[in-house]
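Everything below concerns the one structure shown next.
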Amino acid sequence: MVRILFVLVFFFPATVRAASLETNDLFFSGLKMFIGMMVFVGLMLLVYFLNRKGIKFLKGSKAGRIKIVEMRHVGGKKMLCMVEVKGREFLLGLGNERIDFLYDFTDTQANAAFENELRRHVEVER
């Protein structure tokens, strides 16, 4: 393989190769530049979508201790966010300028008290 490459490089004159490959037309130069740019943009979009789909070959901020499990929009600029911190899950309310703690899914005593209070309020309204 190396010998064939050596023969091709040294036995063909450089001026013939340069003259046959080079064109001075502005249209073809612009076309080559445009195609090269489209290939580059396509590769960047491919990397972006693969990273968004869950193929994690780029290191990001998702390797930390705080993980956003799920986010739901509830209207306007308000949303609910499920966050996991050191194995504990929390429900947060996100607004324009506030972040409110709503619920701790791992604290069983507080969960039972909350559910009892919720049942009591629902029964009173019926």
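Every number here is computed from the coordinates shown, using simple stated rules; none is lab data. Treat the numbers as computed from the prediction; the structure is a model and nothing was measured. Ideal geometry is used to build each Cβ from the backbone, glycine not excepted, and the neighbour counts take in all protein chains shown.
One table, with the values for the structure above:
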read-out: Globularity ratio of segment 61-125, using Cα Rg and 2.2 N^0.38 Å; value: 1.32
read-out: Positive-end residue, segment 61-125 charge dipole about Cα centroid, Cβ charges, pick of LEU91, ILE68, CYS81; value: ILE68
read-out: Hits among aspartates and glutamates - C-alpha to C-alpha of LYS67 under 20 Å, sequence gap 8 or more where chains match; value: GLU84, GLU89, ASP100, ASP104, ASP107
